[in-house]
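Data block below; observations after.
The values are calculated or read from the model by the stated rules, or taken from the named source; none is laboratory data. Just so we're clear, the structure is a prediction, and the values are computed from it rather than from any experiment. Neighbour counts are summed over all protein chains in view; Cβ atoms, including those assigned to glycine, are modelled from backbone coordinates with ideal geometry. Keep in mind that these areas ignore ligands, DNA and RNA; they rest on the heavy atoms of the full protein, side chains included. Shrake-Rupley method; radii C 1.70, N 1.55, O 1.52, S 1.80 Å.
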Number of protein chains: 2
Amino acid sequence: MRRTHTCGELNKKNINQKVKLCGWVNKIRDFGGIAFIDLRDRFGLTQLLIDSKISSSAYELSKEIRNEFVLQIEGEVLPRKDINAKLSTGEIEIIVKNLYILSKSKPSPFPIFEDPTQTNEELRLKYRYLDIRRKQISSKLIIRHMATQEIRNYLTSQNFVEITTPTLCKSTPEGARDYLVPSRIFPGNFYALPQSPQLFKQLLMIGGMDRYFQIPICYRDEDPRADRQPEFSQVDIEMSFGDKEDIYEIAENLTKTVFKKCLGLDIKTPFLKMSYTDALEKYGCDKPDMRFDLQFVRLDEILKNSNFAIFSDTLKKKGSIKAFKVEKASDISRKKVDDYTQFVKQFNLKGLATFKMQDNSLQSPIAKFFTDEELKQIKEKMDMKENDIIFIAADMEDIVNQGLDHLRRLLAKDKGLIKENDYKFLWVVDFPLFEISKKTNQLTSTHHPFTSPNSEDLHLLDTDPIKAKAAAYDLVLNGYEIAGGSQRIFSSDLQEKIFTLLNLTKEDIATKFGFFIDALNYGTPPHQGIAFGLDRLIMLLTGTDNIRDVIAFPKTLKGLDLMMNSPSLVTKDQLDELSLKTKEEVNINW
Amino acid sequence: MRRTHTCGELNKKNINQKVKLCGWVNKIRDFGGIAFIDLRDRFGLTQLLIDSKISSSAYELSKEIRNEFVLQIEGEVLPRKDINAKLSTGEIEIIVKNLYILSKSKPSPFPIFEDPTQTNEELRLKYRYLDIRRKQISSKLIIRHMATQEIRNYLTSQNFVEITTPTLCKSTPEGARDYLVPSRIFPGNFYALPQSPQLFKQLLMIGGMDRYFQIPICYRDEDPRADRQPEFSQVDIEMSFGDKEDIYEIAENLTKTVFKKCLGLDIKTPFLKMSYTDALEKYGCDKPDMRFDLQFVRLDEILKNSNFAIFSDTLKKKGSIKAFKVEKASDISRKKVDDYTQFVKQFNLKGLATFKMQDNSLQSPIAKFFTDEELKQIKEKMDMKENDIIFIAADMEDIVNQGLDHLRRLLAKDKGLIKENDYKFLWVVDFPLFEISKKTNQLTSTHHPFTSPNSEDLHLLDTDPIKAKAAAYDLVLNGYEIAGGSQRIFSSDLQEKIFTLLNLTKEDIATKFGFFIDALNYGTPPHQGIAFGLDRLIMLLTGTDNIRDVIAFPKTLKGLDLMMNSPSLVTKDQLDELSLKTKEEVNINW
């Protein structure tokens, strides 16, 4: 028995047609002799009318029916008296001739269609299949599908070829930790799940595939963080020849087409560009949210001779003093300022100084420490008007940046500076090639070791490598990094030099990347690429800040699947076959 | 510097244009003062003319150039004297003004563009990136891309939603062996890589997604076999409501659209259907190659009183006697028959009897054992004409089937019965629900434990389960199973019963599938699905019989990646973090 229509399809035009529908009982109301059922499927809701006078057997059966039962009905489309303008099917109802219960349902363990914040997320994850029945989840999965279809069609139209690369790879733990997969045929040997298809895509360029893309699943065994999942999806793009303008154009058009298709929005291209240095100077981070201003201003020069000890000491220690202004801040009370001061402490910023413009003069608990000239200069530099407030932080540059960045974003929220459905894209360019690892105090790649230095900075590799800029860029949307790209190294000598700067021994290089260094010697085209974090892009596209909302079956922060109860212990036979012994077996408390 | 065109793009219309091209040196010929280069990229080949009189520096530089160097050139399009009609660019050449060597190449470790059978496959796999430069590989990857694009677009047009399901799953080793992934956060616990997304897609149906698809990577840790890779791709489709006719239609249209798009071929639908029982009876296997006939005929009845001991003994032991006829077999000598007899021995068939129709009578070394009436009946039953030969096998049914099946396929090849570019599709339907495992002598699922029995066979589960047919079907193309589908069980009681019949204990069921049995209780729609083996489909589509040809970076039979040298030993730190000990560490001999 096949349905003739979905539950979202029928309208006035179908009146008097005989139809068959299938779906879930969204609601049932019995008025004695007459019952109404809202029948639901992914496509919509249709009202069924069961009249004991028309089909007494259907009416009798309807008494057994509870929410979430699965029904099949046959009936006729009739016009509806109480028209529901909110529903596409709101002008009709079906008078039921035959009714079949296809499947019953136990009472739901939580109220599926009520405010989900009333149910703790763990319970919803355990019964994820019920949670998916909510439009709030299913519609996000559908938008995810639309977006990936659009991405594939766009890239295909640009001559990119989607190529699947292996997921049982070699472990080369440079950045994050690898997930390992023991080999049974070769005891003691392991595959690793890919952190990205980096080497494979570069090899495809060496192989002459010219333009490649893929939407692979990638894996990082990192410690729990709110927006992280052990497995995640990328849109991975690589192309030969050309230059970064090609990548900008492709990434912009791809984004544009996705936003148009999924949200009907026209995104303006080309996107704004800002250097990494400027981003840090003006917004304290490399992924500034451009939906609001609140730009930082450096006050070092004005305050270099300040009598206020915290400021002068900071500058003596080569620290920085930066500030940003919030306009129309009469609602920011001293109490609020205290709260903000508490807030920035979690980011290691010891305090905040504030000046408020009131009655045309700068008010502040610390005003007495400043000369009139200093106050005048601050006022001018910050362009302060009545009721404006400025927040000043003084500390080492990175602490100032981190604290003010978080404060800036919090204030934008508190002051309602963020418009709904506003999407502000930004290319952050000219990243440094290296940074100093806090853990090892050695050079580490800002992006990854295959990123090319800017050609004019090549000489710095021998003299002052930390100063070298990379031909690398991030695409930032509303304060989130949604993509990162770069020109790749295509000379084996340069690649080897970078590995050496990263403190890999000759032997390490040979074992882990020897084959790749060799491959670069067989006619490697200049090539470049970019990868989008798909989960995050969809998150932004669907207006949620919970990454789990855009993944069909997500895991918890600790990587647990609460529905299937995995990971789990395995049998001794399985371990024996893999020649493995576990040193410890934790029983997970489900 | 961006290229203005690819190497496959320029023709007469571009004459006198100034262009920039990039690509690999396919061939260079120096005629003293003048050199010709064939420049190659994925899109084609363009002839460059370097004339020392036009650019002496380019000509000087050209002396360094070897095959597979990567060049960028600027020049002008000119008409060509010796037109090459085989090339899309064969009417033009580029007179080079400026020449840059972007990248050099060492001599290739094997002749890339010559007959690959001259190079052993292992060497080509080690340098896979060079092998990919061959059209024989790259064109297959491109067709693979076209096919998957077409599949995605078709399914999207039919309201299917592509949903990615987890790849870090729970180990429930029922069928094949799982690949395991140790959890670091929960020592001693493991994820498993999915053998298929079976449970997830069924849960999506319970979740009301209605129509789902995905092209996931799946994993089976099985022993080496020629057409097997540890990781492989599926086209996985699931839908709610409806019946198997819906699946047939969708699978047929999907196939039709792929063949049209990729090969320009019109495939006729609907496809032929044949029951599993008939397929075994007539072709000895459940995936008969329908490009040729050579149907089996059962001779039990005619030969039941035969004086030929092998035949009569076979029938006494409840064995079978089956035969097939090859027409116009005058070229099949006694020597050839001996070869075929040897051939079938590897499939446990002890011998073959043959009769050849010559001078209107049946000739055979064993003719004397048969009565005239028997010979007459054989002749009639097999409809034998002059020079026809029949091959007869007598043994237990499965051995007869296996032997004759292989022989039938060999003879079709030898006799040239297979037309080029012939694609014959067949639905094999009504598979048995269970079979007896040769290893455990217990019931095992023919497809998988979630397959629904045919409704009319439900009663057999209590009385004679091995006789029950499943609502399951395979799609067969030219003797290969390319897809398998079924109606799924959607009642928790029936699902539990099947698990019990499969000899799972109550506890096993609870630990492994408890959550799923529970899920079935919350309003599960009837649902059904099908999965295509993508690698195999592409293999058939691209006319190769080597599965590695359609995978960008394939592994060897033993699961080795010869290019990256993986799997590999990992560090003690990595194992410690996973609380693992290896009992043995094999050094792989690369």
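If you scan the range A:492-511, which residues turn out to be part of a helix (DSSP H, G or I) and either within 20 Å of A:LEU433 (Cα to Cα) or touching a strand residue (DSSP E or B) at 6+ places or on another chain (Cβ under 9 Å) (or both)? Steps first, answer last, please.
Step one: filter the range A:492-511 for residues part of a helix (DSSP H, G or I), giving A:492-501, A:506-511.
Once the filter is applied, which keeps residues that are part of a helix (DSSP H, G or I) and either within 20 Å of A:LEU433 (Cα to Cα) or touching a strand residue (DSSP E or B) at 6+ places or on another chain (Cβ under 9 Å) (or both), the range A:492-511 yields A:SER492, A:ASP493, A:LEU494, A:GLN495, A:GLU496, A:LYS497, A:ILE498, A:PHE499, A:THR500, A:LEU501, A:ILE509, A:THR511.
When you check A:GLU68 against the structure, is it at positive phi, touching a residue at least 24 places away in the same chain (Cβ under 8 Å) and within 11 Å of chain B (Cβ to nearest Cβ), yes or no? Break it down into steps so the answer makes sense when it comes.
Values: at positive phi: yes; touching a residue at least 24 places away in the same chain (Cβ under 8 Å): yes; within 11 Å of chain B (Cβ to nearest Cβ): yes.
Against the criterion (at positive phi, touching a residue at least 24 places away in the same chain (Cβ under 8 Å) and within 11 Å of chain B (Cβ to nearest Cβ)), A:GLU68 qualifies.
Given the criterion among the β-branched types (Val, Ile, Thr), more than 26 Å from B:LEU417 (Cβ to Cβ) and surrounded by 13 or more Cβ atoms within 10 Å (Cβ to Cβ), identify the matching residue among B:THR341, B:THR354, B:THR314. Before you say what the answer is, go through the steps one by one.
On the way: B:THR341 fails: more than 26 Å from B:LEU417 (Cβ to Cβ); B:THR354 fails: more than 26 Å from B:LEU417 (Cβ to Cβ).
On inspection, the qualifying residue turns out to be B:THR314.
Look through the range A:1-17, keep the residues that are touching a residue at least 60 places away in the same chain (Cβ under 8 Å) and either away from chain B (no Cβ under 13 Å) or assigned to a strand (DSSP E or B) (or both), and return whichever of them is least open to solvent (accessible area, probe 1.4 Å).
A:LEU10
For the range B:549-573, which residues satisfy the criterion of being within 17 Å of B:TYR179 (Cβ to Cβ), at the interface with chain A (Cβ under 7 Å from one of its Cβ atoms) and open to solvent by 30 Å² or more (accessible area, probe 1.4 Å)?
Answer for the range B:549-573, where residues must be within 17 Å of B:TYR179 (Cβ to Cβ), at the interface with chain A (Cβ under 7 Å from one of its Cβ atoms) and open to solvent by 30 Å² or more (accessible area, probe 1.4 Å): just B:LYS558.
Going through the range A:317-338 one residue at a time, which ones are open to solvent by 10 Å² or more (accessible area, probe 1.4 Å) and farther than 15 Å from A:VAL297 by Cα?
Of everything in the range A:317-338, those that are open to solvent by 10 Å² or more (accessible area, probe 1.4 Å) and farther than 15 Å from A:VAL297 by Cα turn out to be A:LYS317, A:LYS318, A:LYS328, A:SER330, A:ASP331, A:SER333, A:ARG334, A:LYS335, A:LYS336, A:VAL337, A:ASP338.
Considering only the range A:116-144, how many residues are within 7 Å of another protein chain (Cβ to nearest Cβ), of a type outside the set (A, V, I, L, M) and open to solvent by 10 Å² or more (accessible area, probe 1.4 Å)? I'd like the intermediate steps shown before the answer.
Keep residues of the range A:116-144 that are within 7 Å of another protein chain (Cβ to nearest Cβ), which gives A:129-130, A:132-133, A:138, A:141-142.
From the residues that got through so far, the ones that are of a type outside the set (A, V, I, L, M) too are A:129, A:133, A:138.
The next check asks that each one be open to solvent by 10 Å² or more (accessible area, probe 1.4 Å); those that pass are A:133, A:138.
Of the residues in that region, 2 qualify.
Taking the options B:THR269, B:THR314, name whichever one is under 17 Å from B:ILE366 (Cβ atoms) and either hydroxyl-bearing (Ser, Thr, Tyr) or at pLDDT 95 or above (or both). Write out each step before concluding.
Numbers: B:THR269 fails: under 17 Å from B:ILE366 (Cβ atoms).
Step by step, each of B:THR269, B:THR314 is checked, and only B:THR314 is under 17 Å from B:ILE366 (Cβ atoms) and either hydroxyl-bearing (Ser, Thr, Tyr) or at pLDDT 95 or above (or both).
Search the range B:169-192 for residues being surrounded by fewer than 24 Cβ atoms within 10 Å (Cβ to Cβ) and aliphatic (A, V, I, L, M), and hand back the single one that is farthest from the other protein chains (Cβ to nearest Cβ).
Restricting to residues being surrounded by fewer than 24 Cβ atoms within 10 Å (Cβ to Cβ) and aliphatic (A, V, I, L, M), the top hit is B:ALA176.
Hey, among the residues in the range A:579-590 that are in contact (Cβ under 8 Å) with a residue 12 or more places away in the chain and either on the phi > 0 side of the Ramachandran plot or facing another protein chain (nearest Cβ under 7 Å) (or both), which one's most open to solvent (accessible area, probe 1.4 Å)?
Filtering the range A:579-590 for residues in contact (Cβ under 8 Å) with a residue 12 or more places away in the chain gives A:579-580, A:585, A:587-588, A:590.
Within this subset, residues satisfying the condition of being either on the phi > 0 side of the Ramachandran plot or facing another protein chain (nearest Cβ under 7 Å) (or both) are A:579-580, A:585, A:588.
Working: A:SER579: 16, A:LEU580: 5, A:GLU585: 97, A:ILE588: 30 Å².
The residue in question is A:GLU585.
A quick yes/no check of all residues on (1) outside any loop (DSSP other than H, G, I, E, B); (2) more than 13 Å from chain A (Cβ to nearest Cβ); (3) charged (D, E, K, R); (4) open to solvent by less than 60 Å² (accessible area, probe 1.4 Å):
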position	(1), (2), (3), (4)
B:GLY90	no, yes, no, yes
B:LEU99	yes, yes, no, yes
B:SER108	no, no, no, yes
B:ILE112	no, no, no, yes
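Give the residue, chosen from B:ILE50, B:ILE37, B:ILE65, that is more than 27 Å from A:GLN158 (Cβ to Cβ) and surrounded by fewer than 21 Cβ atoms within 10 Å (Cβ to Cβ).
Step by step, each of B:ILE50, B:ILE37, B:ILE65 is checked, and only B:ILE65 is more than 27 Å from A:GLN158 (Cβ to Cβ) and surrounded by fewer than 21 Cβ atoms within 10 Å (Cβ to Cβ).
If I filter the range B:238-262 down to residues being among the β-branched types (Val, Ile, Thr) and away from chain A (no Cβ under 14 Å), which single residue comes out as nearest to B:THR451 (Cα to Cα)?
Out of the qualifying residues, it is B:THR255.
Being over 24 Å from the mean Cα position of the chain (by Cα) and either closer than 24 Å to A:PHE292 by Cβ or within 14 Å of chain B (Cβ to nearest Cβ) (or both) is the filter here, so list the residues in the range A:468-503 that pass it.
Once the filter is applied, which keeps residues that are over 24 Å from the mean Cα position of the chain (by Cα) and either closer than 24 Å to A:PHE292 by Cβ or within 14 Å of chain B (Cβ to nearest Cβ) (or both), the range A:468-503 yields A:ARG488, A:ILE489, A:PHE490, A:SER491, A:SER492, A:ASP493, A:LEU494, A:GLN495.
For the range B:159-191, name all the residues that are outside any loop (DSSP other than H, G, I, E, B) and under 22 Å from A:ASN189 (Cβ atoms).
Going residue by residue through the range B:159-191, those that are outside any loop (DSSP other than H, G, I, E, B) are B:161-162, B:169, B:180-182, B:190-191.
Matches in the range B:159-191: B:LEU180, B:VAL181, B:PRO182, B:PHE190, B:TYR191.
Any chance the range B:394-402 includes a residue that's under 29 Å from the mean Cα position of the chain (by Cα), of a type in the set (S, T, N, Q), surrounded by 21 or more Cβ atoms within 10 Å (Cβ to Cβ) and under 30 Å from B:TYR480 (Cβ atoms)? Before you say what the answer is, go through the steps one by one.
Just the residues of the range B:394-402 that are under 29 Å from the mean Cα position of the chain (by Cα), to begin with: B:397-402.
Adding the requirement that they be of a type in the set (S, T, N, Q) leaves B:401-402.
The next check asks that each one be surrounded by 21 or more Cβ atoms within 10 Å (Cβ to Cβ); those that pass are B:401.
In the following step, the residues that additionally are under 30 Å from B:TYR480 (Cβ atoms) were identified as B:401.
Taking every residue of the range B:394-402 in turn, at least one turns out to be under 29 Å from the mean Cα position of the chain (by Cα), of a type in the set (S, T, N, Q), surrounded by 21 or more Cβ atoms within 10 Å (Cβ to Cβ) and under 30 Å from B:TYR480 (Cβ atoms).
For (1) under 30 Å from A:HIS447 (Cβ atoms); (2) of a type in the set (Ser, Thr, Tyr); (3) without any contact (Cβ under 8 Å) to a residue 24 or more places away in the chain, each residue gets a yes or a no:
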residue	(1), (2), (3)
A:PHE370	no, no, no
A:GLU373	no, no, yes
A:LYS385	no, no, no
A:GLU397	yes, no, no
A:HIS406	yes, no, no
A:LEU410	yes, no, no
A:VAL428	yes, no, no
A:PRO432	yes, no, no
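Would you confirm whether any residue within the range B:437-448 is outside any strand (DSSP E or B), over 17 Å from B:LEU502 (Cα atoms) and in contact (Cβ under 8 Å) with a residue 24 or more places away in the chain?
So the first thing to find is which residues in the range B:437-448 are outside any strand (DSSP E or B), and the list is B:437-442, B:446-448.
Filter again for over 17 Å from B:LEU502 (Cα atoms), leaving none.
No, every residue in the range B:437-448 fails to be outside any strand (DSSP E or B), over 17 Å from B:LEU502 (Cα atoms) and in contact (Cβ under 8 Å) with a residue 24 or more places away in the chain.
With respect to the numbered conditions (1) at pLDDT 95 or above; (2) open to solvent by 50 Å² or more (accessible area, probe 1.4 Å); (3) among the charged types (D, E, K, R), which one is the sole condition not fulfilled by A:GLU420?
Checking A:GLU420 against (1) at pLDDT 95 or above; (2) open to solvent by 50 Å² or more (accessible area, probe 1.4 Å); (3) among the charged types (D, E, K, R), the one that fails is (1).
Going through B:MET357, B:MET396 one at a time, which residue ends up being closer than 22 Å to B:ASP286 by Cα and among the aliphatic types (A, V, I, L, M)? Break it down stepwise before answering.
On the way: B:MET357 fails: closer than 22 Å to B:ASP286 by Cα.
Answer to the selection: B:MET396.
With the condition kept exactly as written, say whether any residue in the range A:22-33 is within 45 Å of the chain's Cα centre (by Cα), crowded, with 19+ Cβ neighbours inside 10 Å and assigned to a loop (DSSP other than H, G, I, E, B).
Looking through the range A:22-33, none of the residues is within 45 Å of the chain's Cα centre (by Cα), crowded, with 19+ Cβ neighbours inside 10 Å and assigned to a loop (DSSP other than H, G, I, E, B).
Among the residues of the range A:109-135, which ones are of a type in the set (Ser, Thr, Tyr), modelled with pLDDT under 95 and out of contact with any Pro (no Cβ under 8 Å at 6 or more places or on another chain)?
Pass one, the range A:109-135, residues of a type in the set (Ser, Thr, Tyr): A:117, A:119, A:127, A:129.
From what is left, the residues that are modelled with pLDDT under 95 are A:117, A:119.
Passing the criteria: only A:THR117.
Can you say whether B:THR156 is in contact with a Phe, Trp or Tyr (Cβ under 8 Å, 6 or more places away or on another chain), surrounded by fewer than 23 Cβ atoms within 10 Å (Cβ to Cβ) and not in a strand (DSSP E or B), as far as the supplied structure shows?
Working: in contact with a Phe, Trp or Tyr (Cβ under 8 Å, 6 or more places away or on another chain): no; surrounded by fewer than 23 Cβ atoms within 10 Å (Cβ to Cβ): yes; not in a strand (DSSP E or B): yes.
Here the answer is no, as B:THR156 does not meet what is asked.
Restricting to the range B:457-489, name every residue that is under 17 Å from B:THR277 (Cα atoms) and open to solvent by 50 Å² or more (accessible area, probe 1.4 Å).
B:ILE466, B:LYS467, B:LYS469, B:GLU481 - these are the residues of the range B:457-489 that are under 17 Å from B:THR277 (Cα atoms) and open to solvent by 50 Å² or more (accessible area, probe 1.4 Å).
Restricting the search to the range B:446-477, which residues are hydroxyl-bearing (Ser, Thr, Tyr) and either at pLDDT 95 or above or touching a helix residue (DSSP H, G or I) at 6+ places or on another chain (Cβ under 6 Å) (or both)?
Here is the first cut: in the range B:446-477, the residues hydroxyl-bearing (Ser, Thr, Tyr) are B:446, B:451-452, B:455, B:463, B:473.
Across the range B:446-477, the qualifying residues are B:THR451, B:SER452, B:THR463, B:TYR473.
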